[in-house]
1. Exposure proxy check: CYS110, CYS246, CYS240 ranked by fewest other beta carbons within 10 Å?
2. What FRET efficiency would be calculated for the residue pair LYS54, ASP333, taking the C-beta separation as r and a Förster radius of 51 Å, to the nearest 0.05?
3. Would you work out if the chain is rounded, prolate or oblate? Take a ≥ b ≥ c from the square roots of the eigenvalues of the alpha-carbon gyration tensor; rounded if a/c is under 1.5, else prolate when a/b is larger than b/c, oblate otherwise.
4. Full-extension gain between LYS28 and LEU266, please, as 0.36 nm times their residue separation minus the C-alpha to C-alpha distance.
5. Using amide H atoms built 1.01 Å from N in the peptide plane, name the residues 5+ places from ILE140, or on other chains, whose amide H lies under 5 Å from its own.
6. ASP282 versus TYR63, label points 7 Å from Cα toward the beta carbon: distance in nm?
7. Any idea how far the Cα center of segment 309-328 sits from the one of segment 1-74, in Å?
8. State whether segment 197-283 is rounded, prolate or oblate according to the following rule on the C-alpha gyration tensor (a ≥ b ≥ c being the square roots of its eigenvalues): a/c under 1.5 gives rounded; otherwise a/b larger than b/c gives prolate, and the remaining case gives oblate.
Amino acid sequence: MLSVSNRTAQLEGSPIRRLAPLAVAAKKAGKTVYHLNIGQPDIPTPRSFMDGVKDAPIDVLSYSPSRGIAETREAFVRYYASFGIDLDPEELSVTIGGSEGFTFAIQTACNPGDEILIPEPFYPNYKGQALVHGVKVVPITTRIEDGFHLPPIEGIERLITDRTRAILFSNPANPTGVAYTREELEGLAKLATEHDLFVISDEPYRELTYDGEAVSILSLPELREHAILVDSISKRISACGARLGCIASRNKDVISAIDKLSQIRLSPPTFSQYGLIAFLRDPGYKETIGRMVAKFRSRRDTLFDALGTIPGAVLRKPEGAFYIFVKFPQIDDSEAFARFMLTDFDMDGETVMVAPGAGFYATEGKGSNEVRLAYVLEEEKLIRAVSVLRAGLEAYVNRRAEATVEIR
C-alpha cells in the first residue's frame with residue numbers, strides 16, 4: 001500500500017493559512033471577512049519596483065545565476081551599507097523569499113538529529129522546515145507579560161545540549177512584534193561563541209520598528225563566523241508575491257554551502273530581481289519605506305487601543321513588524337474560536353479571520369487562549385474588525401456556557 005513519508009505526515013497545517021477554505025466558504029455565503037490572519041499588506045507596491053519589472057532589459061526570460069543577478073547582489077550590499085553593515089557581494093546570495101533563506105540556513109547549520117533553539121511563539125514555518133530536515137526545535141519560552149522579550153540568559157544556556165547547532169529568531173519578531181535589544185543579542189552572541197553555535201536572524205521587518213531601531217545580527221563583530229542573516233523584500237515594500245530575499249554570512253564555509261544549495265534549486269525569479277534593482281536605484285526609496293512605516297505605526301496604535309477596550313484582553317504594544325499577539329482568557333481553544341468566527345458567527349454579515357495562537361508554539365498546550373492579529377488593513381477597517389471580534393468573543397463564550405448547561 002502506498003503511503004507518504006513520515007516527515008510530511010507529521011507536518012501541521014499553517015495556523016495562518018489552514019483555515020483559508022472556511023474563509024472562502026464564508027465569503028461565498030455572502031459574509032465580509034476581515035483578514036487579520038495573514039501578513040499581507042494592502043499598501044500598493046512601489047511604482048518604481050513595478051516599472052523595473054515591466055521594463056526589465058530581457059528578450060528571453062531565462063534562468064538568472066543561481067546566486068542571483070550580480071546587480072541584485074550589489075544592490076543588496078548598498079542597501080545594507082546604508083545601515084552601517086559592510087558586506088561583499090560574494091558574502092550574499094539571492095533567495096526565493098525569506099522562507100528559502102531560513103530553509104537554506106537550517107540545511108547549512110544542522111544535520112538530522114540536531115537541535116535548534118527558537119524563542120516561542122515563533123513563525124510556524126520555522127518548525128515545519130526543521131521537522132522536514134529532521135531537526136528538533138527546542139523552544140525558548142517567552143511571555144506576553146514581559147513583552148515577549150527573552151528570559152534571562154542563564155535559562156537559555158540550560159537548554160543547550162551537545163546536539164544544539166543554532167539559535168534562530170526573527171527580529172523584529174513575527175508573531176509578537178518584539179524587537180530584541182542590543183543587550184539581548186549580545187547575550188545570545190556570548191552563548192553562540194562559547195558553545196560554537198550559529199545564530200540565524202530573520203530580518204524582513206528591519207525598518208518596521210516604531211520605538212527605536214532594530215539591531216541587525218551582522219552588526220555584532222563577535223559573530224563574524226557565527227551569524228547568518230536572512231532577509232526578504234516582501235514586507236518592507238509590500239511585495240510578498242515577488243518571492244525575493246537574500247541570505248548573507250561572512251563565514252566562507254556557510255556561503256560555499258549555500259552556493260551549492262542555490263544550484264540544486266536552479267535560480268531565484270528573474271523579473272523580481274529587476275524590480276528590486278530599480279526600486280533601490282530610486283533616490284527616494286528610503287522615503288517610500290518611511291511612509292509605509294508611518295502608516296503601520298498609526299495602524300498599530302489604532303489596533304492596540306481598540307483591542308484594549310475588550311474585557312479581559314491581555315496585550316503589549318508591539319515594537320516592530322505588523323502583528324499583535326493577544327491573550328483572551330475567556331477562550332480555551334484558539335483554533336475552535338477561529339473556526340467559530342468563520343463558520344458560526346457574523347455581525348451584520350461581517351466576521352474576522354484570526355490566526356490561532358497554539359500553532360506558533362512548540363510547547364504543548366501553549367497559545368490555547370491567544371491569537372495573532374495583523375494590522376495590514378486601513379484603520380477604519382481595523383476599528384470595525386475589533387467591534388466584530390468583540391461581539392464574536394461574547395457569542396463564543398455564551399455558546400460554551402450554554403453547552404455546559406446542556407451537558408449538566
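1. On the way: CYS110 23, CYS246 29, CYS240 18.
Lowest to highest Cβ neighbour count: CYS240, CYS110, CYS246.
2. Values: r = 47 Å, r/R0 = 0.93.
About 0.60, to the nearest 0.05.
3. Working: a/c = 1.66, a/b = 1.35, b/c = 1.23.
Here the chain falls in the prolate category.
4. Details: separation 238, 0.36 × 238 = 85.68 nm, distance 3.93 nm.
Contour length minus Cα-Cα distance gives 81.7 nm.
5. Here ILE118, GLU120 satisfy the definition.
6. Rounded to a tenth, the inter-label distance reads 3.2 nm.
7. 26
8. Working: a/c = 2.21, a/b = 1.09, b/c = 2.03.
Oblate, since a/c reaches 1.5 and b/c is not below a/b.
Only the coordinates and a few stated rules stand behind these numbers; no lab work does. These numbers were taken from a predicted model, which means no experiment stands behind them. Ideal geometry is used to build each Cβ from the backbone, glycine not excepted, and the neighbour counts take in all protein chains shown.
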